[in-house]
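Chemist: Quick one: the structure is below, questions incoming.
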Amino acid sequence: MSKENFEPKIIAFLCNWCSYAGADLTGTSRIQYSPNVKALRVNCSSRVDPTFVIKTVMSGADGVLVAGCHPGDCHYKSGNLYTRRRIMMLKTLLETIGIHPDRLRLEWVSASEATKFASVVNDFVEEIKELGPNTIGGK
């Protein structure tokens, strides 16, 4: 498959309280964004176990987006601070096993940031298109 025809498969783990609500507002506001992203709602971004990310990539996803509340605004006080540390560690681990670390992205999106959510998704899709298909995962 050539890069021009490549349509990435991206899985997004979205915090219930902020990012998922922001994604919902994006839809209800009829703001257009790439359909390449499949959203999964989690209670908190800190509930995204590192094995979820690795399994998602190894199962054929071209990219993984983790989005949560802005630091200081976490519904569970400091959950997103744990997430930030985990994502930094995961990027290093992914690189070690031969997966480009830019296939994993962390963003802070609040419930009122519909435009930001659409922008993040569209930007990430373009970034993954530049990287090309995930050749490690089992498609």
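The values are calculated or read from the model by the stated rules, or taken from the named source; none is laboratory data. Quick caveat: nothing in here was measured; it's all calculated off a predicted structure. Ideal geometry is used to build each Cβ from the backbone, glycine not excepted, and the neighbour counts take in all protein chains shown.
Chemist: Restricting to the range 67-88, give me the number of residues that are modelled with pLDDT of 95 or more, hydrophobic (A, V, I, L, M, F, W, C) and not in a strand (DSSP E or B).
Modeler: Within the range 67-88, residues that are modelled with pLDDT of 95 or more, hydrophobic (A, V, I, L, M, F, W, C) and not in a strand (DSSP E or B) number 3.
Chemist: So Cys74 passes all but one of these: (1) under 30 Å from Arg30 (Cα atoms); (2) without any contact (Cβ under 8 Å) to a residue 60 or more places away in the chain; (3) under 16 Å from the mean Cα position of the chain (by Cα). Which condition number does it fail?
Modeler: Going through (1) under 30 Å from Arg30 (Cα atoms); (2) without any contact (Cβ under 8 Å) to a residue 60 or more places away in the chain; (3) under 16 Å from the mean Cα position of the chain (by Cα) one by one, Cys74 breaks only (3).
Chemist: Something else now. Among the listed residues Ser46, Ser34, Ser29, identify the single one that is among the hydroxyl-bearing types (Ser, Thr, Tyr), in contact (Cβ under 8 Å) with a residue 40 or more places away in the chain and buried (at least 21 other Cβ atoms within 10 Å of the Cβ). Before you say what the answer is, go through the steps one by one.
Modeler: Working: Ser34 fails: buried (at least 21 other Cβ atoms within 10 Å of the Cβ); Ser29 fails: buried (at least 21 other Cβ atoms within 10 Å of the Cβ).
Every option except Ser46 fails the conditions.
Chemist: Just the residues that are over 23 Å from Ile31 (Cβ atoms), over 11 Å from the mean Cα position of the chain (by Cα) and part of a helix (DSSP H, G or I), please, taken from the range 89-139. Working first, answer last.
Modeler: Filtering the range 89-139 for residues over 23 Å from Ile31 (Cβ atoms) gives 89-104, 130-139.
Filter once more, so that each one left must be over 11 Å from the mean Cα position of the chain (by Cα): 89-101, 130-139.
Result: Met89, Leu90, Lys91, Thr92, Leu93, Leu94, Glu95, Thr96, Pro101, Glu130, Leu131.
Chemist: Quick test of your reading of the structure: Tyr76 fulfils all but one of (1) crowded, with 18+ Cβ neighbours inside 10 Å; (2) more than 18 Å from Val121 (Cβ to Cβ); (3) hydroxyl-bearing (Ser, Thr, Tyr). Name the failing condition by number.
Modeler: (1)
Chemist: Pairs under 6 Å by beta carbon, first residue within 19 Å of Lys9 (Cβ to Cβ) and of a type in the set (A, V, I, L, M, F, W, C) in the range 89-106, partner surrounded by fewer than 19 Cβ atoms within 10 Å (Cβ to Cβ) and modelled with pLDDT under 95, six or more apart or different chains?
Modeler: The qualifying pairs are Ile99/Ile136.
Chemist: Identify, by number, the condition in (1) closer than 30 Å to Ile136 by Cα; (2) buried (at least 16 other Cβ atoms within 10 Å of the Cβ); (3) not basic (Lys, Arg) that Asp24 doesn't meet.
Modeler: (1)
Chemist: Of all residues being of a type in the set (A, V, I, L, M) and out of contact with any helix residue (DSSP H, G or I) (no Cβ under 7 Å at 6 or more places or on another chain) in the range 53-73, which is surrounded by the fewest Cβ atoms within 10 Å (Cβ to Cβ)? Just the residue, please. Please lay out each step first, then the result.
Modeler: Pass one, the range 53-73, residues of a type in the set (A, V, I, L, M): 53-54, 57-58, 61, 64-67.
Checking the rest, the ones that are also out of contact with any helix residue (DSSP H, G or I) (no Cβ under 7 Å at 6 or more places or on another chain) come to 54, 58, 61.
Working: Ile54: 17, Met58: 15, Ala61: 21.
Taking the candidates together, the pick is Met58.
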